[in-house]
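The values are calculated or read from the model by the stated rules, or taken from the named source; none is laboratory data. Computed from a predicted structure; not experimentally measured. For neighbour counting, all protein chains shown are included, and Cβ atoms are generated from backbone atoms with ideal geometry for every residue, glycine included. Heavy atoms of the whole protein, side chains included, go into the accessibility calculation; ligands, DNA and RNA do not. Shrake-Rupley method; radii C 1.70, N 1.55, O 1.52, S 1.80 Å.
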Amino acid sequence: MTAPPAPKPTRSASAITTVLALSGTLVALMQTLVVPLLPDFPRILSVTPDDASWLVTATLLASAVATPIVSRSADMYGKRKMMVICLAIMVAGSVMAALGGTFLWLIIGRALQGFSASLIPVGISIMRDELPKEKMGSAVALMSATLGIGSAMGLPLAGLLYESLGWTSIFWVSAAAGMLLLLAVVLVVPESKVRTPGRFDYAGALVLSAALGSLLLAISKGGAWGLGLGTRAAAVPRGGAAAGRLDSL
């Protein structure tokens, strides 16, 4: 009588949690690393301060657009697969920003870095599929904590790198961190077998991208273009509308 086959070894829940939680640190770093350098980028890149602010806006815009699209794609095509794709895009954007040398390439690279924000919902979804229920709450809490850790690290780290190695070093460090996390995901995180079949809404993704892009463009450049309250306030007589009526009496 033959013995039943031994069960396949499963990856450690602690290792999976650690790798996925580190993605929260990476996301926070992508959002904060350029913030201390914003006062210097207009001089470095020969652009206006309003234009330099797009180094943050481009990342936020890409994050807002990519997160729902990547999350839906992860449900249909594979969660680990989409994490690997997002990390590869983030690494490519970091290298592009470091090597591009111009403001345009830097904006494109920062937008590609924004795809890293999708790691958070996809990582939590993998935790739900792969971890025991009793460990799910602590794992999500750990990922939330790493977001704060990454934000706290990003500001002083950017200043240190800028003073020591120049502004391009922050993007090389981003690329190295993204590549290490990509390898960790491939080696440690299993591909979830939970799938949600469906059809990808390309028209909806296009409309979402256009709407969010237009909104952020208006918010960022509205003051320079003469939009908003500043234009309407100029039409009010000095001293306010009430003063104008008193003067006419």
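Would you be able to tell me the number of residues in the range 14-30 that are surrounded by 15 or more Cβ atoms within 10 Å (Cβ to Cβ) and either farther than 17 Å from Gly93 by Cα or of a type in the set (Phe, Trp, Tyr) (or both)?
Of the residues in the range 14-30, 9 are surrounded by 15 or more Cβ atoms within 10 Å (Cβ to Cβ) and either farther than 17 Å from Gly93 by Cα or of a type in the set (Phe, Trp, Tyr) (or both).
Give me a count of the residues in the range 118-127 that are open to solvent by 10 Å² or more (accessible area, probe 1.4 Å) and among the polar types (S, T, N, Q).
Selection size over the range 118-127: 1.
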Quiz prompt | Unique residue being without any contact (Cβ under 8 Å) to a residue 60 or more places away in the chain, in contact with a helix residue (DSSP H, G or I) (Cβ under 9 Å, 6 or more places away or on another chain) and closer than 30 Å to Lys193 by Cβ when the list is Val65, Val70, Val91 | solution = Val70
Self-check item: the range 202-220 residues that are at pLDDT below 75, paired with ones that are of a type in the set (Ser, Thr, Tyr) (beta carbon under 7 Å, 6 or more apart)
Solution: Leu216/Thr57; Ser220/Ser53; Ser220/Thr57
Practice problem: Within the range 31-52, track down each residue that is surrounded by 15 or more Cβ atoms within 10 Å (Cβ to Cβ) and at pLDDT below 85. | Solution: Gln31, Asp51
Exercise. Would you be able to tell me the number of residues in the range 144-187 that are at pLDDT below 90 and either within 22 Å of Met127 (Cα to Cα) or touching a Ser or Thr at 6+ places or on another chain (Cβ under 8 Å) (or both)?
Key: 14
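Report yes if Phe115 is open to solvent by 30 Å² or more (accessible area, probe 1.4 Å) and within 16 Å of the chain's Cα centre (by Cα), otherwise no. Please lay out each step first, then the result.
Numbers: open to solvent by 30 Å² or more (accessible area, probe 1.4 Å): yes; within 16 Å of the chain's Cα centre (by Cα): yes.
Answer is yes for this residue.
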Quiz item: Counting only residues that are open to solvent by 50 Å² or more (accessible area, probe 1.4 Å) and either within 30 Å of Leu45 (Cα to Cα) or aromatic (Phe, Trp, Tyr) (or both), how many does the range 178-203 have?
Solution: 3
Practice problem: Return the only residue of Ala74, Ala66, Ala88, Ala58 being under 18 Å from Phe171 (Cβ atoms) and surrounded by 16 or more Cβ atoms within 10 Å (Cβ to Cβ). | Solution: Ala58
Practice problem: Take the range 143-177 and flag every residue that is crowded, with 18+ Cβ neighbours inside 10 Å and either farther than 19 Å from Val35 by Cβ or small (Gly, Ala, Ser) (or both). | Solution: Met143, Gly150, Gly154, Ala158, Ser174, Ala175, Ala177
